[in-house]
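Step one of this worksheet: look at the structure below.
The values are calculated or read from the model by the stated rules, or taken from the named source; none is laboratory data. Small disclaimer: the values here were computed from a predicted structure and weren't measured. Please note: Cβ atoms are built from the backbone with ideal geometry, for glycine as well, and neighbour counts cover all protein chains shown.
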């Protein structure tokens, strides 16, 4: 019973959150590649704001939201009961241990692979942390490469989120409504014989290519 | 339905009939063209017609609930428009407070006083208090890069998306002698003449256009189209002169004025879009742009229409 209530409450909060983010950002959603279907895929996106996950999630068709799981840090999402509720019931996160010493049997790539095998899609931020610099994109961590190696038949979809950090810059409490754009690019996979650095560079370029052209102020 | 709803039902019936006829004509035209060959003029017209139907639904809302419903509705329209506008302005992190204040203080306060019909306040609140205090909020954050651009563009956003736009619902509260209760007909008149003027300028440009007004901004907007459109909008206003209390000549002159302001205002907004490298302000529905795209000419015409009406028909009579 308790479980059922938590599930329903989580779903309700999810709908409310998606509605709220639509109201604040009126996201313009552009599919450069194939729109999502039944198949599992991995979305990899730039990370400039805490709302990134919610925005990608809200940009997907409602039916697919519950099956699209953000990959997130266990130490953050297990810290207290509220976060735990949001992490498991609202966002259905795939939690991974950042600290290698705390990892038990399962390694992060294994966790992600299991989730993909179960039919879920994943949202990951390959920069590994929030980008607060002026640079458009930080150096990728190797996670994306490992998942591409472990599940070579899964489509990897680059995502570029534009303007979200204007809605709520770091350190601000109140968001302002501004229009955001979210670009979903052509899917990619690990090419035969491609080494790690070439692959990560190609993935990073695919994301940067999605950026809207800057107009001189 | 309120009393005034019953009193003016013949006028409403006329507008509804006109819209039904227009809709039938346009859908017949669209039918003839088929789906593969899209005709931009018909497309443009049907987009406008949708806008007019929405406007009509809005008027139904006034009749059913009262003017407050329209004020509340316009709070959301202004929010949408301001969101679109501020997305394109020069800004930095240091403007965050100014933005928060614009959205969550200036806009609501302005609309509350519109609803309270406190003319002396809402006329000066944005141009005096908001314009002076918002830059102070930005200066407190201590960043001076592109400061003047940031401040000025935020001010303009408020001017267009809140101040000018709010003069549409403000029409409902004008106190005009011998015209009590029919104020929303002023709104109908404004929308039909300005939007009709847009279509007519389009039409005249297509038929007789030779000299573009500003070739860089638009090849299709010509002086011939502008002149012909403004005069025929005046004629349209005369045909609609049973809506407002202006008389025949008054309706013609005001019709020309608001169609002219609206048409030129549209070009101003096109220039901004062009500078910022965007096709549309927003994307409310597919291919129709956002709030600002649909309302650009009316946004410019509304305050002028409001003040002309107020000056000649309120203060003279009172």
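Values for this structure:
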quantity	calculated
Single residue of segment A:169-180 satisfying the filter (more than 8 Å from chain B (Cβ to nearest Cβ) and crowded, with 20+ Cβ neighbours inside 10 Å) that is farthest from residue A:53 (Cα to Cα)	A:175
Subset tally (residues that are more than 17 Å from the chain's Cα centre (by Cα), under 25 Å from residue B:289 (Cα atoms) and surrounded by fewer than 16 Cβ atoms within 10 Å (Cβ to Cβ)) for segment B:70-107	1
Any hit, segment A:13-22, residues being within 14 Å of another protein chain (Cβ to nearest Cβ), surrounded by 15 or more Cβ atoms within 10 Å (Cβ to Cβ) and in contact (Cβ under 8 Å) with a residue 60 or more places away in the chain	no
Matching helices (runs of 4 or more DSSP H) fully within segment B:123-239 where at least 1 residues are closer than 23 Å to residue B:112 by Cα and out of contact with any strand residue (DSSP E or B) (no Cβ under 7 Å at 6 or more places or on another chain)	B:131-140, B:147-158, B:167-170, B:183-208
Unique match (being out of contact with any strand residue (DSSP E or B) (no Cβ under 6 Å at 6 or more places or on another chain), modelled with pLDDT of 85 or more and part of a helix (DSSP H, G or I)) among B:100, B:62	B:100
Test: residue in segment A:187-197 that is surrounded by 12 or more Cβ atoms within 10 Å (Cβ to Cβ) and under 25 Å from residue B:96 (Cα atoms)	no
Count of segment A:78-106 residues which are in contact with a helix residue (DSSP H, G or I) (Cβ under 9 Å, 6 or more places away or on another chain) and assigned to a loop (DSSP other than H, G, I, E, B)	8
Within segment A:151-166, considering residues that are modelled with pLDDT of 90 or more and crowded, with 21+ Cβ neighbours inside 10 Å, the one farthest from the other protein chains (Cβ to nearest Cβ)	A:154
Selection count where residues are facing chain A (nearest Cβ under 9 Å), in contact with a helix residue (DSSP H, G or I) (Cβ under 6 Å, 6 or more places away or on another chain) and closer than 19 Å to residue A:27 by Cβ, scope segment B:60-90	5
Failed item, numbered, when residue A:121 is tested on (1) closer than 23 Å to residue A:212 by Cβ; (2) touching a helix residue (DSSP H, G or I) at 6+ places or on another chain (Cβ under 8 Å)	(1)
Matching option when the condition is at pLDDT 90 or above and within 27 Å of residue A:211 (Cβ to Cβ), among A:41, A:65, A:83	A:41
Only one of A:79, A:84 that is under 22 Å from residue A:170 (Cα atoms) and more than 17 Å from the chain's Cα centre (by Cα)	A:79
